[in-house]
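Below is one structure; the comments refer to it alone.
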Amino acid sequence: MTKARSSLISIEATSYYHCVSRCVRRSFLCGYDEQAQQSYEHRREWIEKRLLALTGAFCIDVCAYAIMSNHYHVVLHINAEKAKTLSNIEVVERWLAFHHGPALIRRFIQGDKLSEAEIERCNEIIEAWRERLVSISWFMRLINQHIASEANREDNCTGHFWEGRFKSQ
């Protein structure tokens, strides 16, 4: 029986994880497709750029990665101590690098006068984002969504590009 990711990923047990995502539909992630007579090698750069961008925002380090023709491997290190030392503004800036934030957070960043209830709500949102900045699930989601969108656009198709959620050990 499958287990919830929250029970599979435990920072207390280890902060290093090996994750794998595999393509579906006989799709090519990179390399040369003999049947279609087409090279997909440029997609390797998509993953490398996305990994670099995400490690700049998340408190997750990439220790190693390998990009194969229909899947990729990545070894990640969760840096929970780094996340704890980030200021609220740093957390917001990192999260908003990849997401749209609510108007309340934009007002918070701009230094607008906020009520006690608004400040409390901002702090709740920021703490949720701080937790997400050390979440492998959020990290892998942002890689896989981006790559799937680009590949589907390039392949002129819709639907799943990945076999499912990533596998982790």
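Some notes on this structure:
- Residue match in the range 149-163 (condition: without any contact (Cβ under 8 Å) to a residue 40 or more places away in the chain, open to solvent by less than 70 Å² (accessible area, probe 1.4 Å) and among the aliphatic types (A, V, I, L, M)): no
- Top-ranked residue in the range 15-35 [being under 19 Å from the mean Cα position of the chain (by Cα) and polar (S, T, N, Q); ranked as most open to solvent (accessible area, probe 1.4 Å)]: S15
- Residues of the range 112-129 satisfying the condition of being over 21 Å from A83 (Cβ atoms) and touching a residue at least 12 places away in the same chain (Cβ under 8 Å): E118
- The range 19-46 residues that are closer than 24 Å to W138 by Cα, paired with ones that are open to solvent by 70 Å² or more (accessible area, probe 1.4 Å) and β-branched (V, I, T) (beta carbon under 8 Å, 6 or more apart): none
- Residues that are within 29 Å of T55 (Cβ to Cβ) and either among the acidic types (D, E) or at pLDDT below 95 (or both) were ranked within the range 112-129; the one that is surrounded by the most Cβ atoms within 10 Å (Cβ to Cβ) is E127.
- Qualifying residue in the range 40-48 (condition: of a type in the set (D, E, K, R) and within 30 Å of E127 (Cβ to Cβ)): no
The values are calculated or read from the model by the stated rules, or taken from the named source; none is laboratory data. Note that the coordinates shown come from a computational prediction; the quantities given were computed from them, not determined experimentally. We place every Cβ from the backbone using ideal geometry, glycine too, and count neighbours over all the protein chains shown. All accessible areas refer to the heavy atoms of the entire protein, side chains included, with ligands and DNA or RNA removed. Shrake-Rupley method; radii C 1.70, N 1.55, O 1.52, S 1.80 Å.
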